[in-house]
Amino acid sequence: MSEAITRVHREEWARVVAGLTRRFGDLDIAEEAAAEAFAVAVERWPSDGVPPNPGAWLTTTANRKAIDRLRRESKRDDRQKEAQMAYDEPAEPLGVIDDERLRLIFTCCHPALAPETRVALTLRMVGGLTVPEIARAFLVQETTMGQRITRAKAKIKAARIPYRVPAAEDLPARVSGVLAVLFLVFNEGYLATGPDTDPIRSDLTAEAIRLTRLIRGLLPTDGEVAGLLALMLLTEARRTARVSTTGELVPLGDQNRAAWDTDLIAEGHHLVRERLATGLPPGRYQILAAINAVHTSARDVRDTDWSQIVALYNQLVRVDPSPVVALNRAIAVAELDGPDVALGAVDTLEPALTTYHAFHATRAELLRRLGRSDDSRAAYDQAIALAGNTAEAAFLTRRRDQLG
């Protein structure tokens, strides 16, 4: 039963929160009422059974909880009237797309909010991620992230930020924040960081892809929208090969490529080629998609064109000169110029990536290849301590123990 409730939570959280936000115009009320509804489900469903339409049951229960809360609070009539005036008018759909969760994303990604706050708030409200999960994604303390989310909800309420998809002329200026959110939602599904979650959360990757497809319908000529969709598809294509039967993460080079989804790869490659044909300078997501296209074009890891991948990373560094990009570039450099050159590049990133598990995991693998077993073991220990993904921790543990 606990598995069924967890599955329903993953599938219905965003829909319930979005509907409550539409009705009551208050993210705090929406989130708390949704949480209370799920708490009631945890209490009742083991004995009553999962209802035929769990989403409708949760929405009805959450609406009652929200109304009860409004009635308990002072000046409830004024607050209810204000909420109805501000939010009960149906938002106008843009074209044929009228999706509650897409509206909620654009509300959370309003330009009145700081960029990092937009991403964090949307991960919480739409992705259903916990504050610890979001904090790990941003490499910050949980208390810091919790404060960001609280302040963001308060600002939306005070500024009366509307709950709608922006008009067509406003979309291009708003879409970059939305894409950043969807990218992080996808990443959390691709490599889930929660200690009590599945190592891969396909519900999150599927929802991120679905919403990105909707945005591509809104902005069919936007290169970064197409690039992000291609990146997601090419990554999702490898999902079934990424975790072994023993629960370990399987690195890209060791994956069974016959298990990759050829339809998703074909669609991703088509999007990449389509963007290349425009001759326009690519953005971050388009370059990342091109890197993944090179990887998924190789039928065997030995056929991988590492020189092309390094060239693409050189281009990406100019667009996004972040330490994480530099780390990933170094991994590719190791295949082209050797682990000693790559290790020199990685070691320069330590101050910025000390708390990032992938930094220590990369060092561990490079030190291993250089025969420095003691140093490699120490780096594995640090990576394991920081890794939130259970499958990745299992893989790193085995690699460390193989050192003897």
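Before moving on, here are some points about what is shown:
- Test set (1) open to solvent by 20 Å² or more (accessible area, probe 1.4 Å); (2) farther than 21 Å from residue 111 by Cα - residue 158 fails condition number: (2)
- Single match in 220, 199 (criterion: outside any helix (DSSP H, G or I), more than 22 Å from residue 316 (Cβ to Cβ) and touching a Gly at 6+ places or on another chain (Cβ under 9 Å)): 199
- The residue list 218, 191 contains one member that is touching a residue at least 12 places away in the same chain (Cβ under 8 Å) and over 20 Å from the mean Cα position of the chain (by Cα), which is 218.
- Within segment 158-168, the set of residues being over 25 Å from the mean Cα position of the chain (by Cα) and over 16 Å from residue 225 (Cα atoms) comprises 158, 159, 160, 167.
- Breaking point among (1) outside any loop (DSSP other than H, G, I, E, B); (2) among the β-branched types (Val, Ile, Thr); (3) modelled with pLDDT of 80 or more; (4) more than 15 Å from residue 23 (Cα to Cα), for residue 107: (4)
- Among (1) open to solvent by 50 Å² or more (accessible area, probe 1.4 Å); (2) at pLDDT below 85 - the single one residue 134 does not satisfy: (1)
- Scanning segment 245-261 for residues that are closer than 25 Å to residue 298 by Cα and in contact (Cβ under 8 Å) with a residue 60 or more places away in the chain yields 248, 249, 250, 251.
- The sole residue among 123, 113, 129 that is open to solvent by less than 10 Å² (accessible area, probe 1.4 Å) and modelled with pLDDT of 85 or more is 113.
- In the set 201, 174, 213, 164, only one residue is touching a Pro at 6+ places or on another chain (Cβ under 6 Å) and under 18 Å from residue 122 (Cα atoms); that residue is 174.
Conditions (1) of a type in the set (D, E, K, R); (2) within 23 Å of the chain's Cα centre (by Cα); (3) under 18 Å from residue 292 (Cβ atoms); (4) open to solvent by less than 30 Å² (accessible area, probe 1.4 Å), marked per residue:
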{"residue": "321", "(1), (2), (3), (4)": "no, yes, no, no"}
{"residue": "325", "(1), (2), (3), (4)": "no, yes, yes, yes"}
{"residue": "329", "(1), (2), (3), (4)": "yes, yes, yes, no"}
{"residue": "335", "(1), (2), (3), (4)": "yes, no, yes, no"}
{"residue": "341", "(1), (2), (3), (4)": "no, no, no, no"}
{"residue": "345", "(1), (2), (3), (4)": "no, no, no, no"}
{"residue": "350", "(1), (2), (3), (4)": "yes, no, no, no"}
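- Residue match in segment 163-185 (condition: closer than 20 Å to residue 388 by Cβ, open to solvent by less than 10 Å² (accessible area, probe 1.4 Å) and at pLDDT 90 or above): no
- Qualifying residue in segment 368-391 (condition: open to solvent by 20 Å² or more (accessible area, probe 1.4 Å), outside any helix (DSSP H, G or I) and polar (S, T, N, Q)): no
- When segment 292-312 is filtered for residues that are open to solvent by less than 30 Å² (accessible area, probe 1.4 Å) and in contact with a helix residue (DSSP H, G or I) (Cβ under 6 Å, 6 or more places away or on another chain), the ones remaining, listed by number, are 292, 293, 294, 296, 309, 310, 312.
- The condition (being farther than 23 Å from residue 9 by Cα, open to solvent by 40 Å² or more (accessible area, probe 1.4 Å), of a type in the set (S, T, N, Q) and at pLDDT 80 or above) is satisfied by just one residue among 144, 150: 144.
- Against the conditions (1) surrounded by fewer than 22 Cβ atoms within 10 Å (Cβ to Cβ); (2) out of contact with any Pro (no Cβ under 9 Å at 6 or more places or on another chain), residue 394 satisfies every one except (2).
- Annotation note: Cβ proximity below 6 Å between a residue of segment 127-148 that is over 23 Å from residue 16 (Cβ atoms) and touching a residue at least 40 places away in the same chain (Cβ under 8 Å) and a residue that is open to solvent by 50 Å² or more (accessible area, probe 1.4 Å) and not in a helix (DSSP H, G or I) (sequence gap 6+ or interchain) occurs for 139/355.
The values are calculated or read from the model by the stated rules, or taken from the named source; none is laboratory data. All values derive from a computational prediction rather than experimental measurement. Cβ coordinates were reconstructed from backbone atoms using ideal geometry, including for glycine residues, and neighbour counts include every protein chain displayed. For the accessible areas, the whole protein counts, side chains as well, though only heavy atoms, and no ligand, DNA or RNA atoms are used. Shrake-Rupley method; radii C 1.70, N 1.55, O 1.52, S 1.80 Å.
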